[in-house]
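The structure appears right after this line, and notes come after that.
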Amino acid sequence: MKWLNEIQVLAIVCAQWGDSGKGKLVDYFSTWADIIVRGTGGANAGHTICVGDQQFIFHLVPCGILNPDKINIIGNGVAIDPKMLCEELNILADKGNACNNLYISNNAKVVLLSHIVLDIVRERFKGRVGSTGRGMSPVYEAHVGRKGFVINDLLNPKIFEDKLERNLTETIMLLQAYQRELLNKHDTDIRRIMEELGYADFYSDTDIFDIQKMLQYYLNLGGKLASMVVDTDLMVQEALRNGEKILLEGSQGTLLSIEDGTRPFVTSSDSTIHGLARGAGLSAGDVNHTVLVVKAPYMTRVGDGPFPTEMGGTQSANWCRTMDKEAELRKFGHLDFVTAANELELGVVIRITGGETGATTGRLRRVGWLDLVAARYAMRVNRTQHIALMKLDVLDGCPQIKICIAYRYEGPDFRYGSRIFRNGDKVTDFIPASEFLKYCKPIYEELGGYGDISQMKSVEEMSRNEPLHDFLQFIENQGFTIDLVSNGPDRNQTILC
Ligand code: IMP
């Protein structure tokens, strides 16, 4: 991988709906980097960090934290729940890691209890998007609505107090209106929701939140983080000038971006290269090389929203919404790639084999075939043709694989700018409108399965496996350049191309 010696800023961005294996790649490239920066999202993301022989799922602490020689940064675009971050830091401190290599942007957004409650209440009320309930939409909404909080506010008690009183007024009015509806229609109330969240003490009958308690609580948490808070934009820009190697760690995925994703079923930050670079203190123009992370030959989506290649279609979506891992194992645990009787069951086998359960919410991830229409779109949006193919080993034993190369539109007339799509039209360019995508049916190319590839170490070995070679060639013929192939969870199961 010669290009690695020639670049200074490398970005890792998921081409899909998240959960594609960014964590492994960030860990892999962190040995190359001097600085690792996270730029978007919040505790809605999740990755596993191993401390000794124990595994922890962290949401905010960056993936490179365990390497004391590397600087880790939580950038200005990240929404930080201070309670959760302190909990993650406590776990690491208990294991002897003081996280002296972690810096937090003074401009990172702050997730307060009020944002989390509003997120959960709205999700119960209005149309679901399958939010993780971590307060993302209220936080970013507050930010653009000019009533948000940044970490630096927590370092200035008077400023924070004034903002809290001022900025919470509207949220309280909104929640008071929801409160009546919740009681009438859902037989629950905000007090109960706060109890479930472990925030019962912060409930107030009159104002929903005990503002004085919130004030003390968040100032206290801010005090714990204070020594890590700096102007990280300046740090990163100086590092850029000094020729240090910078790794940008993306969150979620291109199709979940508020700007370019399948709205409204998206997260609330821009999870493309553009949001990532901005949220890390840089601009997309500073990035020399973006690697798009592509899980293949299957992919996943968690939460609601259209997913044209989903195995088992709406049946799968409903199953994943209502079932959990244990129930699935009880019913389908005996199946394998050969005994799966239909696509729904094949999806289940892939989910079980690939461990496709949400790291943040424990939800079952919906499984579908690799969608190259969407991947080509991600390539365009992120201005790169470089991809990393992840989790290829999961389909070991799958006799046949399918790759979606186009869609057939099967819905009412849909106008997209000057174009009108009619029932039966072939679609080759991805259109992120959910109202359109839900009527798109995949057109597949079928290839043979490639068997066990988990022990392969080189490009030469991969090309000797004919079906695997055909699969990789097929992808390259679509305009992608494969930078690496991941054929197992371990670092050494990574083949550079
Ligand atoms: P929110 O970001 O919690 O508001 O959730 C909005 C949508 O994005 C939901 O469908 C979530 O399931 C999805 N989502 C958010 N974060 C992730 C992630 O890290 N991986 C996959 N899906 C995510």
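Results for (1) at pLDDT 95 or above; (2) within 16 Å of the ligand (Cβ to nearest atom), shown as yes or no for each residue.
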residue: N97; (1), (2): no, no
residue: R124; (1), (2): no, yes
residue: G135; (1), (2): yes, yes
residue: N152; (1), (2): yes, no
Quick check on my filter: what residues within the stretch 49-60 are buried (at least 16 other Cβ atoms within 10 Å of the Cβ) and not in a strand (DSSP E or B)?
H59, L60
Residues (within 12 Å of the ligand (Cβ to nearest atom) and not small (G, A, S)) located in the stretch 137-150
P138, V139, Y140, E141
Name the single residue, out of those in the stretch 166-211 being of a type in the set (V, I, T) and either open to solvent by 40 Å² or more (accessible area, probe 1.4 Å) or under 22 Å from D153 (Cα atoms) (or both), that is farthest from the chain's Cα centre (by Cα).
T206
Looking only at residues in the stretch 94-112 that are touching a helix residue (DSSP H, G or I) at 6+ places or on another chain (Cβ under 6 Å) and of a type outside the set (A, V, I, L, M, F, W, C), which one is most open to solvent (accessible area, probe 1.4 Å)?
Y103
Selection within the stretch 16-48 - in a loop (DSSP other than H, G, I, E, B), closer than 15 Å to S269 by Cβ and hydrophobic (A, V, I, L, M, F, W, C)
W17, A43, A45
Go over the candidates V139, V117, V129 one by one and state the one that is open to solvent by less than 20 Å² (accessible area, probe 1.4 Å), within 23 Å of G46 (Cα to Cα) and within 19 Å of the chain's Cα centre (by Cα).
V139
Every residue in the stretch 412-465 that is touching a strand residue (DSSP E or B) at 6+ places or on another chain (Cβ under 8 Å), among the small types (G, A, S) and touching a residue at least 24 places away in the same chain (Cβ under 8 Å), please.
A433, G448, G449, S458
Just one listed residue, out of A284, A277, is surrounded by 19 or more Cβ atoms within 10 Å (Cβ to Cβ), more than 16 Å from the ligand (Cβ to nearest atom), of a type outside the set (S, T, Y) and touching a residue at least 40 places away in the same chain (Cβ under 8 Å), and it is A277
Of the conditions (1) open to solvent by 10 Å² or more (accessible area, probe 1.4 Å); (2) within 20 Å of H386 (Cα to Cα); (3) within 16 Å of the ligand (Cβ to nearest atom); (4) of a type outside the set (A, V, I, L, M, F, W, C), the single one that G261 does not satisfy is (1)
Enumeration of residues in the stretch 258-284 that are under 15 Å from the mean Cα position of the chain (by Cα), among the hydrophobic types (A, V, I, L, M, F, W, C) and in a loop (DSSP other than H, G, I, E, B)
I258, F265, V266
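The values are calculated or read from the model by the stated rules, or taken from the named source; none is laboratory data. Values in this document were obtained by computation on a predicted structure and should not be read as measured data. FYI the Cβ positions are ideal-geometry reconstructions off the backbone, even for glycines, and counts take in every protein chain you see. The area values use the complete protein model at the heavy-atom level, side chains included, leaving out ligands, DNA and RNA. Shrake-Rupley method; radii C 1.70, N 1.55, O 1.52, S 1.80 Å.
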